[in-house]
1. For the chain, what is the charge dipole size about the Cα centre, in debye to the nearest 20, if Lys and Arg each add +1 at the Cβ and Asp and Glu each add -1 at the Cβ?
2. Based only on other Cβ atoms within 10 Å, what is the fewest-to-most ordering of CYS15, CYS98?
3. Mark the label point 7 Å from the Cα of ARG72 along Cα→Cβ and return the residues of the range 183-205 whose backbone N is within less than 13 Å of it.
4. Go ahead and set up a Gaussian network model of the chain, Cα springs under 10 Å, then flag whichever of ILE254, ILE205, ILE139 fluctuates most.
5. Please give the contour-minus-distance gain from VAL292 to HIS219: 0.36 nm per residue of separation, less the Cα-Cα distance, rounded to one decimal in nm.
6. To make sure I understand, if each residue's beta carbon is the centre and we count other beta carbons within 10 Å, what order do VAL292, VAL283, VAL235 fall in, fewest to most?
7. Take the alpha carbon atoms of the chain, find their radius of gyration, then divide it by 2.2 N^0.38 Å using N residues; give the quotient.
8. Projecting each Cα onto the charge dipole of the chain (Lys/Arg +1, Asp/Glu -1 at the beta carbon, about the Cα centre), which of GLY183, GLY246, GLN229 comes out farthest on the positive side?
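Coordinate-derived values only; no laboratory data. As the structure is a prediction and not an experimental result, all values here were calculated from the model. When we count neighbours, we look across all protein chains shown, and the Cβ atoms used for this are built from the backbone with ideal geometry, even at glycine.
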Amino acid sequence: MPYLNNYRADPPLECADWHAATPLEAYDLNFAFDLPPPSRLETDGVRLEPVIPSLHAPQLYRLFSAYPDTLRYMPYGPFADFDSFLTFLEDRRRRSNCLMFVVYDLGLEFDQVQCAERETAEGARRLRPERIAGVVGLITTPDFRMAELGPLHLADPFQRTHVMTHSIWLLLDWIFASPVASGGDPGLGLRRAQWGAHASNLGSIEAAKRIGFELETVHAAWERPLKSQTKAGRVDLPEFVSSDPGWYEREREIGYGRHSAMLGMSWEDWYGRGEEGGAKERVWGMVRRGVVRRKASERYVLRREVSDRCIDGYNQWKREEK
């Protein structure tokens, strides 16, 4: 008697302008946990807001197109066009264990002329598109009470500033805080946070260790596929696969490979054991150092005419890669 198995995988998403015009109030974030209150994920240096394509996708696409080198270690991208980027966001949204945030750099200062170019309302000044530095997010495993930090993706002008440290602080504090806190904003109450990095991305590995993550696996072989052929340190398919044409074509469609370093932090590491201070105290000390205010300039402000030229060059580069 044959066994019964009616499982059918969902077909790949069609590349389209997913939710390009869907307003915030109609966009379902589809996340497996309760969402944080608006003020929960903010310091004096950054503010994290859930990614809403109609509000954030155009600036994010311009930003990542203008600085394509920041994608070299990422498991996604580069994006052939805006619809490809929207499709990537929609794919993440449909996974209820994922939530992505846009990062606003509150450390940028704009002169009067720059302020006059946009609305003068306080909210508009604080969350103007030019402040967008990149994205951060979570990939959760609810049954295991853990979350991986990812993606962690800032454009070049915002790296080596306060932005990533403040963003990581907010994510970890939310991950490990009690979900039934009576004296403050509730968190997710998870037991473990994880940080995965390309095994060759020593900068990311060292950044995680400074935060307090422990290096648990130096070389997790074939940890995930990589679609793009342009990725740094990609792992080509092995000979026993390439010698089988049918198998090779199937694996090529799935993607090449990536070896990863895996780092972890438990809730005990965060809060400390007994009298021993934990990573929370250390990271909060980093955040309390303050924010170096920076004048918004062409280095930080991606003006539309500049970004459009970057996108044209980026698409030309993509065509040449093919």
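1. On the way: 42 positive and 47 negative charges, 121 e Å.
With Lys and Arg at +1 and Asp and Glu at -1, about 580 debye.
2. Numbers: CYS15 15, CYS98 21.
In order of increasing Cβ crowding within 10 Å: CYS15, CYS98.
3. Those under the cut-off are 200-204.
4. Result: ILE254 has the largest fluctuation of those listed.
5. Details: separation 73, 0.36 × 73 = 26.28 nm, distance 3.62 nm.
Using 0.36 nm per residue and subtracting the Cα-Cα distance, I get 22.7 nm.
6. Numbers: VAL292 9, VAL283 20, VAL235 16.
Listed from fewest to most nearby Cβ atoms, that is VAL292, VAL235, VAL283.
7. On the way: Rg = 20.8 Å, N = 322, 2.2 N^0.38 = 19.7 Å.
Taking N as the residue count of the chain, the ratio is 1.05.
8. Going by the Cα projections, it comes out as GLY183.
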